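As structure tokens, the structure follows; a few thoughts come after it.
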Amino acid sequence: GIDNSLKACDKYDVQFAVHTDSLNEGGFVENTLNAFAGRTVHTFHTEGAGGGHAPDIMVVAGQDNILPSSTNPTNPYTKNVIDELFDMTMVCHNLDPKVPEDVSFAESRVRKQTVAAEDVLHDMGALSVMTSDAMAMGRVGEVAMRCWQLADKMKAQFGPLEGDS
């Protein structure tokens, strides 16, 4: 599917954006990278908070042909982000908190370690884009605000970049 989609994108000169497989039902991150075959792609949820190959989607951020992005509900990282992300995942996927399998699924999508690292990865340029999401995690009205909040947090935490006033 990925290869055919990329062929169509090449033919019509349009971009390719992908939300990879959280459950690895269609393959693993290595299979997806092989299907990209060096072609330029935009990966949503590279931080892994809204899906993507578990547990290793972050490796795509190190590929020259990939424009990695993360979604704004987890930026900037605060004390409530993980709890909010869990609740959002339960609601957006119509999961039942009384069903252990539903809770396990939601917990598998809330990857605390990568979400906690996300701010720094943006600040150093490893994650180059912050987006909203078209569906479940969509907060299109907050993209610009959260970008500025993240920049302010990083400046306060690590100091100004060279050339900042």
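Size of the stretch 2-156 from its Cα atoms: along the principal axes, largest to smallest, the extents are 44, 42, 25 Å. Using only DSSP helix segments of four residues or longer, with each worth -39500 (n - 2.57), what per-residue ellipticity at 222 nm results for the chain after dividing by its residue count and rounding to 500? Here the helix-only value at 222 nm equals -13000 deg cm²/dmol. For the stretch 28-126, the list of chymotrypsin sites (Phe, Trp or Tyr not before Pro) that fall in a loop by DSSP and count at most 15 other C-beta atoms within 10 angstrom reads F28. In a Gaussian network model over the chain where Cα atoms closer than 10 Å are linked, find which of G26, G141, G51 has the largest mean-square fluctuation. Comparing G26, G141, G51 in the GNM, the peak value goes to G141. Against the empirical 2.2 N^0.38 Å (N residues), the stretch 58-126 has a Cα radius of gyration ratio of 1.26.
Site-free segments of the chain were taken between trypsin sites (Lys or Arg not before Pro) in DSSP loops having at most 11 other Cβ atoms within 10 Å, sites themselves excluded; the longest one is 1-78.
Across the chain, where is the longest run that never hits GluC sites (Glu not before Pro) in a DSSP loop with at most 15 other C-beta atoms within 10 Å? Counting only loop sites that pass the neighbour cut-off, the longest clear stretch is 26-161.
For the stretch 2-156, averaging the sequence separation of C-alpha pairs within contact (under 8 Å, six or more residues apart) and dividing by the residue count gives a relative contact order of 22 percent. With the simple model of a label 7 Å out from the Cα in the direction of the Cβ, N4 to K79 spans 5.1 nm. The lysine pair count for the chain, using Cα distances under 28 Å and pairs eight or more places apart or on different chains, is 7.
None of the figures in this text is laboratory data; all of them are computed from the coordinates on show. Treat the numbers as computed from the prediction; the structure is a model and nothing was measured. Virtual Cβ from ideal backbone geometry, glycine too; neighbours counted across all protein chains shown.
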